[in-house]
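J.: Take this structure, written in structure tokens, and hold onto it; I'll ask about it next.
The values are calculated or read from the model by the stated rules, or taken from the named source; none is laboratory data. This is a predicted model, so every value here is computed, not measured. Quick reminder, even Gly has a Cβ in these numbers, built from the backbone with ideal geometry, and neighbours come from all protein chains shown. Quick note on the areas: whole protein, heavy atoms, side chains included, nothing else; ligands and nucleic acids left out. Shrake-Rupley method; radii C 1.70, N 1.55, O 1.52, S 1.80 Å.
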Protein chains: 2
Amino acid sequence: MRVIHSPVQAEHTYRHEVVSGLPVPAYEVPARAAAIRDALERDGRHRLAEPRGWGLGPILAVHDADLVGYLEGAWAEWVASGRAARRTAIVPDTFLLAGYRGAMGEASRPVAPEGRIGYWCFDTMTPLMEGTYRAARAAVDVAVEVAEAVLDGERAAYGLCRPPGHHAARGMFGGYCYLNNAAIAAEWLVRRSRMRVGILDVDVHHGNGTQAIFYERADVAYASLHSDPQRLYPYFSGSAEETGEGPGLGATLNVPLAMGTDDDAYLMALERAVDWLLDRTDGPLVVSLGLDTFEQDPLGDLAITHDGFRRCGELVAGAGRPLVIVQEGGYAVAGLGEAARQWLAGVDARAAAHRPE
Amino acid sequence: MRVIHSPVQAEHTYRHEVVSGLPVPAYEVPARAAAIRDALERDGRHRLAEPRGWGLGPILAVHDADLVGYLEGAWAEWVASGRAARRTAIVPDTFLLAGYRGAMGEASRPVAPEGRIGYWCFDTMTPLMEGTYRAARAAVDVAVEVAEAVLDGERAAYGLCRPPGHHAARGMFGGYCYLNNAAIAAEWLVRRSRMRVGILDVDVHHGNGTQAIFYERADVAYASLHSDPQRLYPYFSGSAEETGEGPGLGATLNVPLAMGTDDDAYLMALERAVDWLLDRTDGPLVVSLGLDTFEQDPLGDLAITHDGFRRCGELVAGAGRPLVIVQEGGYAVAGLGEAARQWLAGVDARAAAHRPE
């Protein structure tokens with residue numbers, strides 16, 4: 001399989017994230033991507049390559065230009081203000097909550113750097129620093145390159161995106177995500193193929209950003225399997241009651257899963273989600289491939305095994321649609337490379353079985 | 001002057017708050033209230049007393065019952081879930097940002113304790129713990145007791161409220177504030193007196209909660225002098241363009257001040273705000289007495305002196321309206337008692353000058 005990755009992504013690196021008010025060692029680290037790349041290289045069946053630069057076009061098709069401008073300039077602004085001497089990453093402490101009043105409109109857009117990040121970012125786990133924007137841009141290039149490969153005829157291609165993307169919305173970032181790689185790829189596919197595109201989000205966390213971007217759209221169907229947000233991040237979305245709005249009503253499917261869901265139960269839910277997507281789309285599927293459903297993941301609470309990941313890959317490839325697979329979460333670094341390798345091996349096995357002789 | 005305080009307020013105490021992602025020693029500490037009480041006791045001209053219990057009635061006249069229920073039960077819920085062993089205070093890390101989508105309605109109200117606090121709280125500086133709710137309730141009792149004293153004929157009375165209140169809105173808390181003592185006192189005065197009440201907020205930070213509570217009301221006028229939110233917390237509100245809405249249009253006045261504003265410049269702005277309030281109200285004035293305008297305050301950036309505070313008290317008392325004075329911020333503990341003592345001495349001096357012989 002064609003595997004796209006970018007060394008620039010490793011420029012985004014930080015030591016700590018803030019969880020419930022205390023700094024803890026960061027989970028979203030460059031070692032994640034390195035582990036996957038190493039496993040895929042060792043596997044020997046993949047062709048690794050770097051992406052071309054795709055510019056801002058695909059990004060601005062999905063994200064608010066002001067958010068992108070903020071992400072691009074925030075670190076330089078932080079340094080210029082002298083704050084970098086005290087804080088080597090920008091982490092918000094004050095947030096423009098939905099309940100905040102008298103804060104709308106241009107007049108009250110925050111000016112202070114501490115306020116600016118709290119206008120755009122919704123958590124304390126997604127710091128902005130020196131290399132963040134470059135890495136996020138590289139991850140988008142990876143995703144678009146994968147989409148292009150599929151448009152050019154590949155049955156499936158994989159983008160080793162890092163940072164991940166599915167928590168980033170049109171005008172909001174968080175959850176380790178800055179730009180929504182999967183949503184950008186999906187939008188790219190819609191515009192280039194004129195077909196209805198499906199997004200299958202198998203990260204253990206609900207992809208609130210992707211859902212929000214396409215919530216009122218009929219041409220992109222979004223299906224997500226995730227730990228019930230009543231237990232897990234991001235808490236505020238991902239219930240089965242959320243099914244889209246307006247023209248998008250019925251084009252969102254959320255499947256909250258019970259704690260400890262194992263391979264067999266997961267595969268049943270996955271099959272249902274894939275069937276649901278096939279009914280509503282005719283174009284490629286974008287897979288938001290979170291591997292934090294893994295039984296050893298420190299942030300997830302499901303129980304998928306390496307064998308389960310292979311079966312998932314087989315099942316999804318069995319749908320027969322071209323697959324644009326982009327990496328999302330997955331934090332058990334020791335088992336992560338093998339998890340990705342198995343998932344993609346499942347895809348390849350199925351694709352080989354289906355290949356006309 | 002009658003001074004109301006409650007020892008229960010000291011039950012709210014924590015060591016650290018989280019600023020830009022790092023724990024720093026807490027600013028909003030019991031020593032603040034102790035310093036003020038000691039200074040007023042030493043002064044000898046004040047009558048200190050504790051409040052009666054006023055129950056939930058005055059609180060529910062201002063706050064969302066669900067917020068109050070959350071504040072009451074959150075710590076027990078945290079303990080029952082086993083989380084207190086890891087985190088001795090509840091600090092949000094994930095926030096229901098205004099830009100968060102698909103999160104409205106009962107279906108997606110968060111259930112996990114980490115999500116619940118991020119639904120109600122807008123910053124990382126306002127932890128919830130064991131004694132928080134009791135202390136916040138005691139602070140409200142102090143404020144209502146002061147309002148009652150004024151309704152009973154006192155020309156001015158002072159409530160040594162802690163935690164402060166003016167950042168708490170109807171359904172949102174933050175900024176060291178849980179329940180809005182000043183807003184509750186103002187609402188109490190409106191209902192009991194049937195007069196139009198003014199709120200003069202002289203805390204160095206914009207009182208976004210108080211503004212929000214009365215933003216569409218004509219019977220309560222809100223005037224705030226504060227450091228420009230383009231520089232200082234809470235960042236998202238407090239610009240001069242915010243003047244109220246609907247029936248409340250024109251009943252909000254924000255006066256953002258330049259860095260380093262000194263006594264003379266401050267008093268000119270204060271006189272303007274007091275005149276503005278006198279034009280729009282006929283009842284008592286509630287003073288949100290933040291003393292973080294002090295030249296040595298670690299969180300403020302204005303330059304008011306102890307002498308300036310005395311002049312402020314004189315000016316406000318010179319308006320001739322009954323004064324319900326409730327404590328808000330002020331974090332230079334060493335100079336805080338004297339700041340409060342001077343402000344109240346100014347009030348007393350003016351009241352004495354005006355007293356008919």
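J.: What do you reckon, is residue B:258 small (Gly, Ala, Ser) and either buried (at least 24 other Cβ atoms within 10 Å of the Cβ) or within 21 Å of residue B:28 (Cα to Cα) (or both)?
T.: no
J.: Filter the stretch B:211-242 for residues that are open to solvent by 40 Å² or more (accessible area, probe 1.4 Å) and more than 10 Å from chain A (Cβ to nearest Cβ); which is nearest to residue B:175 (Cα to Cα)?
T.: Out of the qualifying residues, it is B:217.
J.: Which one is nearest to the other protein chains (Cβ to nearest Cβ) among residues in the stretch A:83-95 that are under 17 Å from residue A:71 (Cα atoms) and touching a Phe, Trp or Tyr at 6+ places or on another chain (Cβ under 7 Å)?
T.: A:95
J.: Mind listing whichever residues of the stretch B:58-73 are aliphatic (A, V, I, L, M) and either open to solvent by 10 Å² or more (accessible area, probe 1.4 Å) or in a helix (DSSP H, G or I) (or both)?
T.: B:59, B:60, B:61, B:65, B:67, B:68, B:71
J.: Checking the structure you have, find out if any residue of the stretch B:152-172 is at pLDDT 95 or above, on the phi > 0 side of the Ramachandran plot and open to solvent by less than 10 Å² (accessible area, probe 1.4 Å).
T.: no
J.: Could you please let me know if residue A:55 is free of Cβ contacts under 8 Å to residues at least 40 places away in the same chain, open to solvent by 20 Å² or more (accessible area, probe 1.4 Å) and assigned to a loop (DSSP other than H, G, I, E, B)?
T.: yes
J.: Here's another thing I want to ask about it. Quick one: which residue in A:46, A:16 is in contact with a strand residue (DSSP E or B) (Cβ under 6 Å, 6 or more places away or on another chain) and open to solvent by 60 Å² or more (accessible area, probe 1.4 Å)?
T.: A:16
J.: Mind telling me which of the residues B:168, B:138, B:112 ends up being more than 14 Å from chain A (Cβ to nearest Cβ) and among the hydrophobic types (A, V, I, L, M, F, W, C)?
T.: B:138
J.: Being without any contact (Cβ under 8 Å) to a residue 60 or more places away in the chain and assigned to a helix (DSSP H, G or I) is the filter here; which residues of the stretch A:8-41 pass it?
T.: Within the stretch A:8-41, A:34, A:41 meet the criteria.
J.: Then there is this: With the checklist (1) surrounded by 18 or more Cβ atoms within 10 Å (Cβ to Cβ); (2) within 25 Å of residue B:292 (Cα to Cα) in hand, flag the one item residue B:31 doesn't pass.
T.: (1)
J.: Still on this structure: Is it the case that residue A:149 is out of contact with any Phe, Trp or Tyr (no Cβ under 6 Å at 6 or more places or on another chain) and either at pLDDT 95 or above or open to solvent by less than 10 Å² (accessible area, probe 1.4 Å) (or both)?
T.: Taking the combined requirement at face value, the residue satisfies it.
J.: From the list A:11, A:41, which one is more than 14 Å from every other protein chain (Cβ to nearest Cβ), within 18 Å of residue A:176 (Cα to Cα) and surrounded by fewer than 20 Cβ atoms within 10 Å (Cβ to Cβ)?
T.: A:11
J.: So for the stretch B:252-265 (the condition being under 20 Å from residue B:215 (Cβ atoms), touching a Ser or Thr at 6+ places or on another chain (Cβ under 6 Å) and modelled with pLDDT of 95 or more), does at least one residue qualify?
T.: yes
J.: Determine which member of the set B:76, B:84 is more than 23 Å from residue B:169 (Cβ to Cβ), assigned to a helix (DSSP H, G or I), open to solvent by 40 Å² or more (accessible area, probe 1.4 Å) and outside the structural domain of residue B:142 (by TED's automatic domain parsing).
T.: After ruling out the rest, the residue left standing is B:76.
J.: So, in the stretch A:316-357, how many residues would count as being of a type in the set (Gly, Ala, Ser) and buried (at least 24 other Cβ atoms within 10 Å of the Cβ)?
T.: The qualifying residues number 5.
J.: What is the one condition in (1) more than 14 Å from every other protein chain (Cβ to nearest Cβ); (2) open to solvent by less than 10 Å² (accessible area, probe 1.4 Å) that residue B:310 does not satisfy?
T.: (2)
J.: Give the stretch A:183-203 a look and list any residue that's closer than 16 Å to residue A:165 by Cα and either more than 14 Å from every other protein chain (Cβ to nearest Cβ) or open to solvent by 10 Å² or more (accessible area, probe 1.4 Å) (or both), or say none.
T.: Correct list: A:184, A:185, A:186, A:187, A:188, A:199, A:200, A:202, A:203.
J.: Now, a different point. Quick one: is residue B:134 out of contact with any Ser or Thr (no Cβ under 9 Å at 6 or more places or on another chain), within 21 Å of residue B:342 (Cβ to Cβ) and open to solvent by 10 Å² or more (accessible area, probe 1.4 Å)?
T.: No.
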